[in-house]
Amino acid sequence: MIRTSGLVKRYGDVVALDGLDLLVPQGEVLGLLGPNGAGKTTAVRILTTLLEADSGEAEVAGLNVQTQPEKVKERIGLSGQNAAIDEHLTGFENLDMVGRMYHLGRRRSRERARELLERFSLTDAGDRPAKTYSGGMRRRLDLAAALVAEPQVLFLDEPTTGLDPRSRSQMWETIQDLVRGGSTVLLTTQYMEEADQLCDDIVVIDKGRKIAEGTADQLKKQVGGERIEVVLVDLADLPAAGAVLRSLAVDEVQIDEPSRRLTAGVSGGVDDLRLVLQGLSEAGVAVVDVGLRRPTLDDVFLSLTGHHTEEEEPAAGDAKPGKGAKVKDTKKEAVR
Ligand SMILES: Nc1ncnc2c1ncn2[C@@H]1O[C@H](COP(=O)(O)OP(=O)(O)O)[C@@H](O)[C@H]1O
Ligand SMILES: [Mg+2]
């Protein structure tokens, strides 16, 4: 449903896309994962006919994006970071207007608007101007607007960036529902966890180039997999705890005595975690903390590119970005 080959786009000296190849089969969700400035929005804008590539090919639903833009537009929906909604219109009016734009007709437009408000839990807010909506409600309305004409292919450009955790998980559920309905989706994100939750396949890009591709599990394994960390109450238990970890470890058990911490690479995920807990308990080892640490997007980046996802190196003493780590939002883009 989506195919690009050798897409190149330059803005002056900046190479936003440097020969990007993508392939998304029908019914699949492709995650385009990368830090700010990687070229994600540029790729989406080219595929949605808003921008012309300097070279390369792009096809959506079997149609050439450069030569058949009008036909492409009829088959796609786009929901972006900067909501494409009219603040002064109500939720209902926004959706109704989109329906008219797509020539659904007066009756069908109104019906579709009501359906979508219901589906996105916006019925109660449907008669209020969109400017009174919360961030999460705006994103849902924006996504609803992208679905009015029942597109075959949906583009979601960072659908949850800037949302609070609760709105983010609501949005994830909404997107998962869509995906279960068989939509073909290209979703861009800066969050490994988001790609992990929603995407069949992930393409990692940096500076307009593909640097890795695979499922979330494949990418994490490529980075060196997951590690189990154990923090002991008492250093005297070090030999016993070491033995438990060594029975499962895929590499040398690392020991940091001052922090009473042992870590080991594992390959069995939560099953290994369970075995470690069981082993420690049987050996009578008391622990302060036991955890399974999965690679973050920053780990993936560091491993693949040799640099962090953030442009600046974290200052000494800065906490390492955690699971939901993302690139710092340095500037708001104004690309829609
Ligand atoms: N309209 C523009 N003019 C000049 N440079 C741009 C423009 N849009 C994007 N860029 C640059 O192209 C690169 C890719 O940007 P973008 O596709 O927006 O990345 P992402 O969406 O991954 O954050 C960045 O270096 C960005 O600064
Ligand atoms: Mg972007």
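Counting the residues of the stretch 201-221 that are away from ligand 1 (no atom under 16 Å from the Cβ), crowded, with 16+ Cβ neighbours inside 10 Å and either under 19 Å from HIS307 (Cβ atoms) or not hydrophobic (A, V, I, L, M, F, W, C) (or both) gives 4. Screening ARG45 with (1) within 16 Å of ligand 1 (Cβ to nearest atom); (2) closer than 27 Å to GLY162 by Cβ; (3) at pLDDT 95 or above; (4) touching a strand residue (DSSP E or B) at 6+ places or on another chain (Cβ under 8 Å) gives one miss only, at (4). Taking the numbered list (1) outside any loop (DSSP other than H, G, I, E, B); (2) surrounded by 21 or more Cβ atoms within 10 Å (Cβ to Cβ) in turn, LYS131 passes all entries but (2).
Take the stretch 101-118 and flag every residue that is aliphatic (A, V, I, L, M) and surrounded by 14 or more Cβ atoms within 10 Å (Cβ to Cβ).
From the stretch 101-118, those aliphatic (A, V, I, L, M) are 101, 104, 113, 116-117; that's our starting set.
The answer is LEU104, ALA113, LEU116, LEU117.
Listed by first and then second residue, the pairs with beta-carbon distance under 7 Å, at least 6 apart or on different chains, first residue in the stretch 99-118 and assigned by TED's automatic domain parsing to the domain that holds LEU147 and more than 20 Å from GLU74 (Cβ to Cβ), second at pLDDT 95 or above and in a helix (DSSP H, G or I), are ARG110/ASP96; LEU117/GLY91; LEU117/PHE92; LEU117/LEU95.
Restricting attention to the stretch 26-42, which residues are within 7 Å of ligand 1 (Cβ to nearest atom) and among the aliphatic types (A, V, I, L, M)? The answer is ALA38, and nothing else. Figure legend. Inter-residue proximity from the stretch 138-161: first residues within 15 Å of ligand 2 (Cβ to nearest atom), second residues assigned to a helix (DSSP H, G or I) and among the hydroxyl-bearing types (Ser, Thr, Tyr), beta-carbon distance below 6 Å, spacing 6+ or different chains. Indicated pairs: ASP157/THR41.
Hey, which of the strands (runs of 3 or more DSSP E) in the stretch 207-309, taking only ones fully inside, have at least 1 residues that are within 34 Å of the chain's Cα centre (by Cα) and touching a residue at least 60 places away in the same chain (Cβ under 8 Å)? Let's see the steps before the verdict.
Values: elements: 209-214, 226-232, 254-256, 261-266, 287-293.
The qualifying strands (runs of 3 or more DSSP E) are 209-214, 226-232, 287-293.
Note on the stretch 8-22: among residues that are among the acidic types (Asp, Glu) and within 11 Å of ligand 1 (Cβ to nearest atom), the one that is nearest to VAL203 (Cα to Cα) is ASP18.
Step by step: first the residues of the stretch 31-81, then only those that are within 16 Å of ligand 2 (Cβ to nearest atom) and assigned to a helix (DSSP H, G or I), then the one that is nearest to MET192 (Cα to Cα). Which residue is that? Write out each step before concluding.
Initially, the stretch 31-81 is screened for residues within 16 Å of ligand 2 (Cβ to nearest atom), giving 31-48, 50-51, 78-81.
Subsequent filtering for residues that are assigned to a helix (DSSP H, G or I) retains 40-47.
Numbers: LYS40: 14, THR41: 17, THR42: 20, ALA43: 19, VAL44: 19, ARG45: 22, ILE46: 24, LEU47: 23 Å.
Looking at the filtered set, the residue picked out is LYS40.
The test for being in contact (Cβ under 8 Å) with a residue 12 or more places away in the chain, under 20 Å from TRP172 (Cβ atoms) and away from ligand 1 (no atom under 16 Å from the Cβ) does not hold for GLY80.
Collect the residues in the stretch 16-49 that are surrounded by fewer than 17 Cβ atoms within 10 Å (Cβ to Cβ) and touching a residue at least 60 places away in the same chain (Cβ under 8 Å), keeping them in residue-number order. Working first, answer last.
If we filter the stretch 16-49 for residues that are surrounded by fewer than 17 Cβ atoms within 10 Å (Cβ to Cβ), which is where we start, we get 19, 21, 23, 25-27.
Listed by number, the residues that qualify are GLY19, ASP21, PRO25, GLN26, GLY27.
The values are calculated or read from the model by the stated rules, or taken from the named source; none is laboratory data. Since we're looking at a predicted model, the values are computed, not measured. Reconstructed Cβ throughout: ideal geometry from the backbone, glycine too, with neighbour counts over all protein chains shown.
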